[in-house]
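Only the coordinates and a few stated rules stand behind these numbers; no lab work does. Just so it is clear, the structure is predicted and the values come from calculations on it, not from any experiment. Virtual Cβ from ideal backbone geometry, glycine too; neighbours counted across all protein chains shown.
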Amino acid sequence: MIRSIVACSLVGWLLVAGPTAIAGGLDLHWLWDDRCAECHGHAGDFARRLERVDGELKVRHPIGDMREFLRHHYPVGHEVDALYRMLKAQAVTPPRFQAECQPCHGSAAAFARRRLALRGDEVVLAAGGRPLATALRDHGVIDTDDVPFFRAVLERVAREVHRQ
């Protein structure tokens with residue numbers, strides 16, 4: 001029953017989003033929110049609670065291996081590795097965007113969907129095409145020393161959202 005509901009919601013989303021939405025893969029944050037968040041909460045919070053052994057994520061479950069755990073859950077098979085990489089990155093990223101930026105900008109994923117775009121390999125502001133690094137330096141609220149951190153976070157999230 002749940003699988004048919006999930007399949008119908010995915011098909012409906014694909015019909016609305018169009019073929020370009022899956023050219024490089026689904027928006028990983030949408031996928032997590034659609035399939036996992038109800039039980040596991042925010043992806044970053046979930047990832048930071050996971051055990052890390054030799055750089056790999058482990059779950060407190062008889063399966064143990066996070067990739068295998070994902071394969072037995074709801075993600076589309078070819079999205080498992082991408083979702084795993086997203087969680088692995090979030091596991092080691094302090095939740096600073098959530099704490100410092102979310103009150104004004106919403107979640108990093110929502111911000112990336114609404115305000116960021118990919119131009120080749122570069123992440124730019126969707127309106128005007130200004131490089132993200134320049135926009136962060138000019139933001140006025142971010143200390144110069146913090147620009148590399150926020151740039152790395154937003155570039156990663158933009159690539160997870162706007163997959164090519």
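Please give the length that would be gained between T144 and H40 if that part of the chain were fully extended, namely 0.36 nm times their separation in residues minus their C-alpha to C-alpha distance (nm, one decimal).
Answer, rounded to one decimal: 34.0 nm.
Would you mind estimating how fast the range 76-127 diffuses translationally, via Stokes-Einstein at 20 °C and 1.002 mPa s with the Kirkwood radius over Cα pairs, in µm²/s?
168
Efficiency by 1/(1 + (r/R0)^6): what FRET value for R137 and Q102, r their Cβ-Cβ distance, R0 = 30 Å, to the nearest 0.05?
Plugging the Cβ-Cβ distance into 1/(1 + (r/R0)^6) gives 0.90.
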